[in-house]
Amino acid sequence: MGKNKNKEITINDIQKWERSFTKRKGITQDEETAIKIAVFKLIEEVGEVSKAILEEQWDEVPAEVSDVIVFACKVANLAEKFHKTEKLNNVLQRKMNYCETRKYNAKIKKFDKPKNEKFK
Ligand SMILES: [Mg+2]
């Protein structure tokens, strides 16, 4: 039984793994090439989620969603690397806190937008 059997995977784990994977596989790219490939791959993977659902291949959905998460983390890694942006984990936490403050209007099926400098 592996020691990681029931370990929860965090966003930090995924970002760390992606950076390590890129390094170990010898992928060296300038910023423009790296971001272009990462965003195109992210969009491709979103399409694969869509395709699996359309074709009712539900068993494939979690794997395709995993690909989306990995490439989204890669985009965040590149922003952190080349532009010293805030850590994804911190932004996610703040965004979730902000979502909790929003009220849902069932009539128009939309959330309100409380004033918030970061997420309006
Ligand atoms: Mg895929």
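Read-outs: derived from the displayed coordinates by stated rules, not from any lab. For clarity, every value in this text was computed on a predicted model and none was experimentally measured. We place every Cβ from the backbone using ideal geometry, glycine too, and count neighbours over all the protein chains shown.
Counting Lys and Arg as +1 and Asp and Glu as -1, each charge on the Cβ, what is the dipole of the chain about the Cα centre in debye, to the nearest 20?
That gives a dipole near 820 debye.
Can you return the lysines within cross-link range of residue 107? Criterion is Cα-Cα under 30 Å, with same-chain partners fewer than 8 residues away left out.
Straight-distance partners of residue 107: 95, 115, 118, 120.
Which FRET efficiency value, to the nearest 0.05, do you get for residue 58 and residue 90 by plugging their Cβ-Cβ distance into 1/(1 + (r/R0)^6) with R0 = 25 Å? Present the calculation step by step, with values, prior to reporting the outcome.
Details: r = 34 Å, r/R0 = 1.35.
For R0 = 25 Å, the calculated efficiency reads 0.15.
With an 8 Å cut-off on Cα pairs and a minimum separation of 6 or more residues, tell me the relative contact order of the chain in percent.
The value is 24 percent.
Choose one of 99, 28, 77: the residue whose Cα lies farthest towards the positive end of the charge dipole of the chain (beta-carbon charges +1 Lys, Arg; -1 Asp, Glu; about the Cα centre).
After comparing all options, I get 99.
Can you pull the one-decimal nm distance between simple spin-label points at residue 83 and residue 107, each 7 Å off the Cα toward Cβ?
Roughly 3.9 nm, to one decimal.
For the chain, what does the convex hull of the Cα positions come to per residue, in cubic angstrom?
Convex hull volume per residue, Cα atoms: 179 Å³.
Just to be sure I understand the model, the point goes 7 Å from the Cα along the line to the Cβ. What's the resulting residue 37 to residue 17 distance in nm?
In this crude spin-label approximation the distance works out to 2.0 nm.
Between beta-carbons, use under 15 Å as the cut-off and find the net charge around residue 104, counting Lys and Arg +1, Asp and Glu -1. Let's see the in-between values first.
On the way: positive: 102, 103, 107, 109, 110, 113; negative: 100, 112.
Summing Lys/Arg as +1 and Asp/Glu as -1 gives +4.
Using the Cβ atoms and a cut-off under 10 Å, what net charge is assigned to the surroundings of residue 80, where Lys and Arg are +1 and Asp and Glu are -1?
Here the count lands on +3.
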